[in-house]
1. Checking the a/c ratio against 1.5 first, then a/b against b/c, what shape does the Cα gyration tensor give for chain B?
2. Can you compute the label reach from A:Arg81? Point 7 Å from Cα along the Cβ direction, backbone N cut-off under 15 Å, restricted to region A:41-61.
3. Other chains' Cβ within 10 Å of B:20-31 residues: what's the mean?
4. In 5 Å bins starting at zero, report the fraction of Cα pairs in region A:53-176 per bin as a rounded %.
5. For chain B, give the magnitude of the charge dipole about the Cα centre (Cβ charges: +1 Lys/Arg, -1 Asp/Glu; no others), in debye to the nearest 20.
6. Which of the peptides A:168-179, A:100-111 is most tightly packed, and how do the rest follow, going by the mean number of other Cβ atoms within 10 Å of each residue?
7. Shielding by partners for A:205-214, please: the mean number of other protein chain Cβ atoms within 10 Å of each residue's Cβ.
8. For labels at A:Ala218 and A:Arg117 in the simple 7 Å Cα→Cβ model, what's the distance in nm?
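Every number here is computed from the coordinates shown, using simple stated rules; none is lab data. Keep in mind the model is a prediction, meaning the values are calculated, not measured. Please note: Cβ atoms are built from the backbone with ideal geometry, for glycine as well, and neighbour counts cover all protein chains shown.
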Amino acid sequence: MFRSIWFDREPASVWPRFNLPSIGERLGRLRAGTAIKRAPHDEAVRRREGFLSAIQRVSGSGGFSWQVATDRMIVSEEFYRIFEFDPAAPVTLERIGARVHREDISLFHESIGRARRADGDFEQDFRLQMFDGSVKYVHVAARATADCEGAWEYVGAIQDVTQRRLLEDALSKTRAELIHVARVTTLGTLTASITHEVTQPIAGIITNASTCLLMLAADPPDLEGARDTARRTIRDGHRASEVITRLRALFSKDSVATESLDLNETAREALTLSSSELQRRRAVVRTEWADHLPPIQGDRVQLQQVILNLLLNAAEAMHGVDDRPRQLVLKTALDEDHRACLSVQDAGMGFCHEAVERIFEPFYTTKRGGMGIGLSVSRSIIERHRGRLWARPNDGAGATLGFSIPAEPAGTSGTSGGL
Amino acid sequence: MTQGSLISVVDDDESVRESLPALLSQFGYRVRAFSTAEAFLESDCVSETACLLLDVAMPGMSGLELQRALTRRQQAIPIIFITACPDDSLRALVLSEGAVDSLVKPFSDTVLLESIKAAIRGPA
């Protein structure tokens, strides 16, 4: 959740030695607002410091310096404001620590520990919790420097990034909702498939159990036969349970779970799930699986969502086609740029070149009763896998849609592709 | 006399191909199971089959296509469709093309037996 960035730098080499009071002391002047002596050049200094203060205010960032050996801290006005500290009291690490959110305390102490051990410049995100319970997200960036006496200190800024974080979280949540809606829409379309997948083993269970009773009621009872039927019943029960588990995973709202995937295997599962729906639409499916496809990093559930989307779109595109076979070709391949590709080719109505980008618009649809969310969400899923989703009309009838995702470099372990 | 009659089961689902023969042999029927319509057509069971239990959705030739193929060959085998997906229009269609019945999975053994008896008995 939080980034920690450490830069390897020697403190002494970073900052040239200025014949000036340390930065800490200059910040101290910003806070205290007291000039040491009123001399003519102090006017320029005061103007400059007023400017610096305004910058800090506007950017929501507070400056600080921390002398590591003595733990002396000098901070700016904005720093006080961010932490909602009493401006009269000096700032210490203890007081700062008291403001850090409960869940981020260990992170905070770890950062301080590393800073003390002279690890160099750093950046850190963490949360603060104010008196009234409200939470602030802050980002700290500090640079290791040496002051004019050679004492080593960190100088940096802490920025209140609460607004930005809340917006990012809201965006992320909306994106997840959208993907969920797309899944549920597909769920409606897949009802036939789901019914089919679960009904088969259930029918098997009922038949086998009936047979078992008959065998036990025979004269003499057929015990071996009864045992067989019981075993088959259990096997069918497991089969039904596996289908439910797979479907539950497909339609849950969980966030991205990345793993090493075999695209062929992932696509095969998606094909199984949609097979009865494709059959219902009389699509004739042909597959061309690539041999030795290297694994890809991705979220299996989300990628299957995309593949399902492409398959169902292809079948839908062939609605009403009666003068030629409703052929659907599912193909995987590895391209020259070491990207794993999957394409779905249909023999449907197709679309003209001008329409290519339109079909990715969020609510574009030619489907009867369709919601048209699928392709736009699918594209965003693929893009988050650092891939590309594309569409093009065929030379003959219909269109081909597909995506490519960078494959793991050669030599990484993973399940091998191919049949 | 239904005892010993041959029932052919055509279904791509393995559970069905195992469970139905076990059940029906308890009632004295002989049963053969096929995973595809093509395999059934190529077998030597076609003319001997007293009743055909036929799945609808299968890879390759569908149940409906097999029904039509048998009609074209003038093989008047009584057909009972068994399907996982209830679909009224499909039921109406297969009945209109001569099927004896169309059952939705899961069905009880009693319902299946009654249907088979009626199929073998033939139209009154």
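1. Note, shape of chain B comes out rounded.
2. So the set is A:50-61.
3. The mean count of partner-chain Cβ atoms within 10 Å per residue comes to 4.
4. Histogramming region A:53-176 at 5 Å steps yields 2, 10, 19, 23, 21, 13, 7, 3, 1, 0, 0 percent.
5. Value, rounded to 20: 440 debye.
6. A:100-111, A:168-179
7. 6
8. 7.4 nm
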